[in-house]
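Written below as structure tokens is the structure these notes are about.
Derivation of every value follows stated rules applied to the coordinates shown; laboratory data play no part. Treat the numbers as computed from the prediction; the structure is a model and nothing was measured. All Cβ positions, even for glycine, are placed from backbone atoms using ideal geometry, and neighbour counts span all protein chains on display.
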Amino acid sequence: MQEATLQLKERVKELKCLYELSRIAWEADNDLQAIVTKALQILPSAMQYPSKAEASVMIDGTVTSTPRFKSCTNFISAPLMVGKKKRGEVTVGYRKLKSADPIILFFKEEKQLIKTVAHEFALIVKHATAEEEKQKLQLQLQHVERLAFVGELTAGIAHELNEPLGRILGFAQLIKKTGGLNDQQNEDIERIIKASLYTREIIKKLMIFSRQMPRQITAVNLNEIVQNILYFIDARFTGREIDIRHHLDSHLPVIQADEVQMSQVLVNLITNGIHAMPEGGELVIGTKRKGKMVSLTVRDNGEGMTSEVKKKIFEPFFTTKPVGQGTGLGLSVVQGIVIAHHGKIQITSQPGKGTTMEVLLPLKQPAKEK
């Protein structure tokens, strides 16, 4: 009779444990860490010797345990299986027991309880993973929709600005050509022309970003593009204490690409690197072959980027430059061009240690792209 009463008390504890775990899972609403933390407070109470029991839950390599779990010498555990993959483990243990305690430390029902708890955790993990994937897909969809809207918007802006800008530039050049202006007037006209040319470059970036400019695929030598661009870049940044170097692979194969857009990629990467070194520094441009790809790298030893900035640098109109010094389109344009060429961009950066941008481009474009 006494043993039957004891067995009944043990079963009641186990049922209460399962009930509490179900309640916690419902109330925590997929907060996995909260569920684990509360479960660890409940599991020991379902054991034969609750005052000496400790518990531990491991999920995807992350272990959470009760304070004195490491003091345990006797354990029972069950794997946490999601499908056929082991995602973790549920373990209950006893700290050192007195010699007078019974030899049977864990009842078979307690072993089954741990298996049931592990199964319940597996269901929670599976559900939480599904919710996380759902949220990721929703964010990706929102991002795509936002880019599509921005693309339509920028295309409209570019077309609206192109015609009046062309007139401003044409008339300014005509006035300058006509002559008869004093020094101040000549200087003002020159400012109008320069501002118009700068604005035209911004419009080109907008049109490239919105895919309004068709690509012309030809055989392109990236080394030649680097040398041509550096001829102008060196002169532009001579007074900024920036040392521009290059390490070009002399045996670099030609690639199939749009030469104008490749020049745009390089100019934007170089400009970005230079702006990251307001106090001067070293900019290194490199090319080399990587299997069926060609690598173009631009490395600076400037301010570097935080992980938060790295996540946003390809977003249209995002910029860390002061107001008036950047459009936030440079790297968006670079990404659009590289993706359109079936390539990819890799970024390595640390705050205070500089940034390396590597563009990988295939030697050949798909047949339909030629």
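Amide H contacts of T218 (H built 1.01 Å from N, in plane; Pro and chain starts excluded): A257, D258, E259 sit under 5 Å, all sequence-distant by 5 or more or on other chains.
In a fully extended conformation the segment linking A34 and Q216 would gain 59.9 nm over its present Cα-Cα distance, using 0.36 nm per residue.
Under the simplified labelling scheme, the K126-E224 pair shows an inter-label distance of 6.0 nm, with each label point 7 Å from Cα along Cα→Cβ. A straight chain from E282 to I347 at 0.36 nm per residue would run longer than the Cα-Cα distance by 21.6 nm. Beyond 30 Å in Cα-Cα separation lie the following of the pairs K38/K86; K312/K353; K38/K311; K194/K344: K38/K311; K194/K344.
Charge dipole of segment 55-137 (Cα centre as origin; +1 on each Lys and Arg Cβ, -1 on each Asp and Glu Cβ, all else neutral): 260 debye, rounded to the nearest 20. Between the amide H of L80 and those of R87, G88, E89, V90, distances stay under 5 Å, these residues lying 5 or more places away or on another chain, with hydrogens modeled in the peptide plane.
Charged side chains reduced to their Cβ positions (Lys and Arg at +1, Asp and Glu at -1) give segment 40-97 a dipole of some 120 debye around its Cα centre.
Between R289 and R23, the contour length at 0.36 nm per residue exceeds the Cα-Cα span by 89.9 nm.
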